[in-house]
Amino acid sequence: MTFHEELLQSCPPPSGSMFGKKEDGSDARLNQAKFLSELMRTTRPFCFLRLGDMELVYLLAYQNRRTEPVEYDDGPLSGTRGCGNPGLGAKYTERLWQAYERAEYVDFHEKNWPNEHLVPRLALERASGSYRNPTKETSLLFLTWTESELKQYCQDRCVGFAGAEARLLELLSQTPDFKQAATDCWPEKAQIFYHQVRNDGRDLDANLDLVKEDLRKFVKAHGLDTLFLSLGGGAKILGYELSRELGICCFDFGAMARALTYSGCDGNRVARSPHSPFLFRIPFTAYMDALEKAMPNLAPAELLAKAHGQLLLEVLKKEVGWTFASWEFEFSSENVSAFRQAFKKYKKRYRRLFTVSLAAKTERNGFLHFCGTHGLTLEGRVFLLLFRFKGFVRRCLGQSA
């Protein structure tokens, strides 16, 4: 059993959603978001960090001198199965520990199920005068802050968005669909610049300090006041270090880049994201147009996986300014209607890719199985019937052998 598995087994099972309910502590979280904005406006350098459950595993392993590997891989190519990782190996844990001890504000994410039970075991010595979320209910602050504060904070500032979804966000932000959907949270009076991290973030572990130098040049070239970093575990280390070295505000933005682009998959992998914050929908065609421009070298199976991730995102449970895990589906009339509209566009656009390779066929079969299981499409229901029939025949043949 790995150290990560040991930690999870030591936690009581979640009683509901992995991330709790938005309404619990919403007023306190709104007040804390306003307080965070004031700190960001008045303090330089300033660094806001969040404690992800995977970074927490690294820190606890480091604290407990557990030396076995706690590395994560990118998981399978799949538009239907969720997968995520911090993008960093355990060799960076000392820098990670320092960032969490010294950053001006750390959100310990206790509303995330494992963190609620594991954070009390962490023996960080936070810097004098620093801040943290005061209660469990005021954690997951980046969700509320983006919904309620991002637009006003960025007005008349020079800000940058960096990460695996940066180019996608840049392209989408220029479209009428985005401008209409994002009007409540996207700043219209700000100087905004975008930086796509090298290798789409795939080699972050090997190239962390090269990525850091790229970001340094990006900040200096545009005279950025604030940098929003969506870079997994790398955002914790580089956000803290660059805030000091450049005298700027760095914000560990994480999955909010996916929320602003309405992405079902992380920008740096071809698997569904483990959780998906929601702010607004972007039509399937508008999204895929921007995706194909931002990532022109995707193989057919990879492009199908990205498309399938978008289709499944339509039926994921949603609440503005909140997030749900990749398996928390809600087949409401609104979600199913959005899925079916997108599905029509998908069939017309990507039919040519369904059988071009074994990988594409495998990816397509996984999607059909999902559709059949949930009764979403005729093709899916037929596929599932055939799949079950073949399984029945195999069992019969096995019993008669």
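Counting only residues that are over 19 Å from Lys306 (Cβ atoms) and touching a residue at least 12 places away in the same chain (Cβ under 8 Å), region 347-379 holds 2 of them.
Annotation: of all residues in region 132-157 being in contact with a Ser or Thr (Cβ under 8 Å, 6 or more places away or on another chain) and open to solvent by 20 Å² or more (accessible area, probe 1.4 Å), the one that is nearest to Ser273 (Cα to Cα) is Gln152. Name the single residue that is surrounded by the fewest Cβ atoms within 10 Å (Cβ to Cβ) among those in region 159-173 being modelled with pLDDT of 95 or more and farther than 18 Å from Phe284 by Cβ. For region 159-173, the residue satisfying everything is Glu170. Name every residue in region 182-202 that is of a type in the set (D, E, K, R) and either in a helix (DSSP H, G or I) or within 17 Å of the chain's Cα centre (by Cα) (or both), in order of residue number. Across region 182-202, the qualifying residues are Arg198, Asp200, Arg202. At pLDDT 95 or above, touching a strand residue (DSSP E or B) at 6+ places or on another chain (Cβ under 9 Å), open to solvent by 10 Å² or more (accessible area, probe 1.4 Å) and within 16 Å of Leu168 (Cα to Cα), is that true of Arg244? No: the conditions fail for Arg244. Taken over region 142-167, the residue count meeting the criterion of being among the aliphatic types (A, V, I, L, M) and more than 18 Å from Tyr105 (Cβ to Cβ) is 3.
The conditions of being touching a Pro at 6+ places or on another chain (Cβ under 7 Å), open to solvent by less than 10 Å² (accessible area, probe 1.4 Å) and either under 26 Å from Asn335 (Cβ atoms) or hydrophobic (A, V, I, L, M, F, W, C) (or both) are not met by Met288.
Residue count for region 122-173 under the criterion of being among the basic types (Lys, Arg), assigned to a helix (DSSP H, G or I) and closer than 20 Å to Glu188 by Cβ: the result is 1.
Here Arg65 passes the criteria (1) in contact (Cβ under 8 Å) with a residue 12 or more places away in the chain; (2) of a type outside the set (Phe, Trp, Tyr); (3) open to solvent by 60 Å² or more (accessible area, probe 1.4 Å); (4) over 29 Å from Ala307 (Cα atoms) except the one numbered (1).
Here is a list: Leu88, Leu36, Leu49. Which entry is touching an Asp or Glu at 6+ places or on another chain (Cβ under 6 Å), farther than 16 Å from Val119 by Cα, surrounded by 20 or more Cβ atoms within 10 Å (Cβ to Cβ) and in contact (Cβ under 8 Å) with a residue 60 or more places away in the chain?
That would be Leu88, the only listed residue that is touching an Asp or Glu at 6+ places or on another chain (Cβ under 6 Å), farther than 16 Å from Val119 by Cα, surrounded by 20 or more Cβ atoms within 10 Å (Cβ to Cβ) and in contact (Cβ under 8 Å) with a residue 60 or more places away in the chain.
Restricting to region 101-113, name every residue that is surrounded by fewer than 22 Cβ atoms within 10 Å (Cβ to Cβ) and touching a Leu at 6+ places or on another chain (Cβ under 6 Å). Selection gives Glu101 alone. Here Thr261 meets each of (1) open to solvent by 10 Å² or more (accessible area, probe 1.4 Å); (2) at pLDDT 95 or above with one exception, condition (1). Residues that are of a type in the set (A, V, I, L, M, F, W, C) and in a loop (DSSP other than H, G, I, E, B) within region 353-401 comprise Phe354, Val356, Leu376, Ala401, listed in sequence order. Out of everything in region 338-352 that is open to solvent by less than 60 Å² (accessible area, probe 1.4 Å) and touching an Asp or Glu at 6+ places or on another chain (Cβ under 9 Å), what residue ends up being farthest from Leu376 (Cα to Cα)? So the residue we want is Lys347.
The single residue among Leu77, Leu56 that is surrounded by 21 or more Cβ atoms within 10 Å (Cβ to Cβ) and closer than 30 Å to Lys306 by Cα turns out to be Leu56. Among the residues of region 223-268, those identified as under 18 Å from Leu208 (Cα atoms) and assigned to a loop (DSSP other than H, G, I, E, B) are Leu231, Phe253, Gly254, Gly267, Asn268. Identify all residues within region 296-337 that are under 28 Å from Val356 (Cα atoms), charged (D, E, K, R) and in contact with a helix residue (DSSP H, G or I) (Cβ under 8 Å, 6 or more places away or on another chain); write none if there are none. Result: Lys306, Glu314.
Scanning region 17-33 for residues that are open to solvent by less than 30 Å² (accessible area, probe 1.4 Å) and aliphatic (A, V, I, L, M) returns a single hit, Ala33. Each residue in region 2-16 was checked for being assigned to a loop (DSSP other than H, G, I, E, B) and open to solvent by less than 70 Å² (accessible area, probe 1.4 Å), and 6 pass.
The values are calculated or read from the model by the stated rules, or taken from the named source; none is laboratory data. Not measured: the values here are computed from a predicted model. Glycine gets a Cβ as well: all are built from the backbone with ideal geometry, and neighbour counts include every protein chain shown. Note: areas computed on protein heavy atoms with side chains; ligands, DNA, RNA excluded. Shrake-Rupley method; radii C 1.70, N 1.55, O 1.52, S 1.80 Å.
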